[in-house]
């Protein structure tokens, strides 16, 4: 189960099929382990239906519960800068 948590922390929200491909586990085993992690409150899941080449793909989106990834490097928007206080004369 730890390999699933590590993968989700490194890559963010992922489909169960993406987790299976990256970890080398079968899709059934990933779904079983994700269900156990969800019961412990370690991951959040939701059902997702996507379409690829006109074919419906039913999957489960998974992400680590309560995990906030570190801020990306680089310049930040000035929109978050605190406003300057107006001086009273």
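Spread over its residues, the convex hull of the C-alpha atoms of segment 2-64 is 78 Å³ per residue. Gain on full extension, evaluated as 0.36 nm per residue between residue 32 and residue 57 minus their Cα-Cα distance, stands at 7.1 nm.
Just grab the label-to-label distance for residue 6 and residue 71, each label 7 Å out from Cα along the Cβ direction, in nm (one decimal). It is 2.9 nm.
FYI, it's all coordinate maths here, none of it is from the lab. The structure displayed is predicted, hence computed values, not measured ones. Ideal geometry is used to build each Cβ from the backbone, glycine not excepted, and the neighbour counts take in all protein chains shown.
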